[in-house]
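Working notes for the structure below.
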Amino acid sequence: MSDFLRNNWFVVLIAVIIIGFIGYFIYDTNKDNVSAKTSNNEQVVASIDGDDITAKDLYDESTPYDGSTIYNMYKNAVIDQSIETTKDLKKQANTLESTIKQNASSQSDDYESTLTSELAKYGYSSFEDLNKYCLTSTKEKEMNKRYITKHFDDLKAAWEAKNPRTVSIIKMDVSDADNLSETESKKKNNIDKALAKESFADVAKAFSEDSNTANKKGFAGYIDSDSASSSNSSGSSSSTVPADVVTAAISLKKGETSDWITVTSSSGTSLYKVYVNQTDSKKIFNAKSDTVSNQALYAVLNSDSKLANTILESYAKKLDIKFNDKSTKKKFDSYVKSTFGGDQ
């Protein structure tokens, strides 16, 4: 169940998830450095708008990968102090926490220990910090959303190059796509006739055999060109749309429907029709569906590997950030440069 949190918050931590802890040597090395600010008799190695990070804080999260943890603690502090905690964000965090616990408990009897280990990778010290992790993750999503909304026209080009769109599908299972049975052939013809007269949504609701989308009038959600490469023959990790169907959809315009597409997987053979609901990137980004808007948000972030850090730094500049320990600042700068190719 490695990287469980990352996999279950695909939807929140996106491109700049930082892994690792900090080793004892940081505390041991820094404790005898030149005199610095103290808090409760502990040396303060950094402060962000008055929120102190002490040498003991770093020591408590100990393992050798210090640069990533310093950055992680920095990131968490910037997010928490930049985005106000609202009732809605708390609600989202509670929902995320429940989902993570439910999924983790279904995979392991010792899920608390597993989650504790995973939380440590993100700078948290115990299982009790899960809600804090979820709240910070939710606030990070809000922070990214606000920035991208404000700078959308400047950021959209790389994302639009991936042909983002929302789609609907109709699925029909068959034994042999090249030799349909009489029943299968009749159903296929009935679908074609219905599509000539009715909306794709109504036909999908009436005929589709895809259990994930039929009750949603065939709506399968967001895809882009990356979805095809991340899909396998039976679908993708974040979508019910197989790679061949994604490829067909990318070539269509809004309102167009594909020809029949044959998809063969370990579970059998199916015929698909795909319909493009929306291609306007701004409308997709601001979709009423939280699932679609979230996937669009992550897609924008993933289109530029430095964007998440750029957003973080735009908020950090508004805060009073001080590194009181030269060694800690050096490790922080080195990590940022190696990871994002720039300096703070």
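With a requirement of 2 or more residues that are hydrophobic (A, V, I, L, M, F, W, C) and touching a Pro at 6+ places or on another chain (Cβ under 7 Å), the helices (runs of 4 or more DSSP H) lying completely within region 239-308 that satisfy it span 290-302.
Just to be sure before I move on: is L180 touching a helix residue (DSSP H, G or I) at 6+ places or on another chain (Cβ under 7 Å) and open to solvent by 50 Å² or more (accessible area, probe 1.4 Å) in the structure I sent? It would help to see each step written out before you state the result.
Values: touching a helix residue (DSSP H, G or I) at 6+ places or on another chain (Cβ under 7 Å): yes; open to solvent by 50 Å² or more (accessible area, probe 1.4 Å): yes.
Yes: the conditions hold for L180.
Considering D192, D178, D173, which residue is out of contact with any strand residue (DSSP E or B) (no Cβ under 8 Å at 6 or more places or on another chain) and either touching a residue at least 12 places away in the same chain (Cβ under 8 Å) or assigned to a helix (DSSP H, G or I) (or both)? So that I can check it myself, show each step before the final result.
Details: D178 fails: either touching a residue at least 12 places away in the same chain (Cβ under 8 Å) or assigned to a helix (DSSP H, G or I) (or both); D173 fails: out of contact with any strand residue (DSSP E or B) (no Cβ under 8 Å at 6 or more places or on another chain).
The match here is D192.
Among the residues of region 202-224, those that are open to solvent by less than 70 Å² (accessible area, probe 1.4 Å) and farther than 20 Å from V246 by Cβ comprise V203, F207.
Is it the case that region 226-233 has a residue that's at pLDDT 95 or above and touching a strand residue (DSSP E or B) at 6+ places or on another chain (Cβ under 8 Å)? Within region 226-233, not a single residue is at pLDDT 95 or above and touching a strand residue (DSSP E or B) at 6+ places or on another chain (Cβ under 8 Å).
K145 meets the conditions (1) open to solvent by 40 Å² or more (accessible area, probe 1.4 Å); (2) under 27 Å from S293 (Cα atoms); (3) out of contact with any helix residue (DSSP H, G or I) (no Cβ under 9 Å at 6 or more places or on another chain) in every case but one. The failed one is (3).
Yes or no: I148 under 30 Å from S265 (Cα atoms) and either of a type outside the set (S, T, Y) or without any contact (Cβ under 8 Å) to a residue 40 or more places away in the chain (or both)? No; evaluated as a whole, the condition is false for this residue.
Let me confirm something: among K282, K273, K330, K322, which residue is surrounded by 21 or more Cβ atoms within 10 Å (Cβ to Cβ), of a type in the set (D, E, K, R) and at negative phi? Can you show your working first?
Details: K282 fails: surrounded by 21 or more Cβ atoms within 10 Å (Cβ to Cβ); K330 fails: surrounded by 21 or more Cβ atoms within 10 Å (Cβ to Cβ); K322 fails: surrounded by 21 or more Cβ atoms within 10 Å (Cβ to Cβ).
None of the others qualify; the one that does is K273.
If you check A248 against the conditions, is it free of Cβ contacts under 8 Å to residues at least 40 places away in the same chain and open to solvent by 20 Å² or more (accessible area, probe 1.4 Å)?
Numbers: free of Cβ contacts under 8 Å to residues at least 40 places away in the same chain: yes; open to solvent by 20 Å² or more (accessible area, probe 1.4 Å): yes.
Judged against the criteria, A248 is a match.
For region 303-319, indicate whether the set of residues that are over 26 Å from P164 (Cα atoms), modelled with pLDDT of 95 or more, open to solvent by less than 50 Å² (accessible area, probe 1.4 Å) and hydroxyl-bearing (S, T, Y) is non-empty. Yes, the conditions are met somewhere in region 303-319.
Could you please let me know if S199 is under 32 Å from the mean Cα position of the chain (by Cα) and surrounded by 12 or more Cβ atoms within 10 Å (Cβ to Cβ)? No: the conditions fail for S199. With the condition kept exactly as written, say whether any residue in region 252-260 is open to solvent by 70 Å² or more (accessible area, probe 1.4 Å), at pLDDT 95 or above and farther than 22 Å from K187 by Cα. Yes, that holds for at least one residue. Among the residues of region 96-109, the one identified as open to solvent by less than 90 Å² (accessible area, probe 1.4 Å) and not in a helix (DSSP H, G or I) is S108.
The values are calculated or read from the model by the stated rules, or taken from the named source; none is laboratory data. Quick caveat: nothing in here was measured; it's all calculated off a predicted structure. Glycine also receives a Cβ, built like all others from the backbone with ideal geometry; neighbour counts cover every protein chain displayed. Heavy atoms of the whole protein, side chains included, go into the accessibility calculation; ligands, DNA and RNA do not. Shrake-Rupley method; radii C 1.70, N 1.55, O 1.52, S 1.80 Å.
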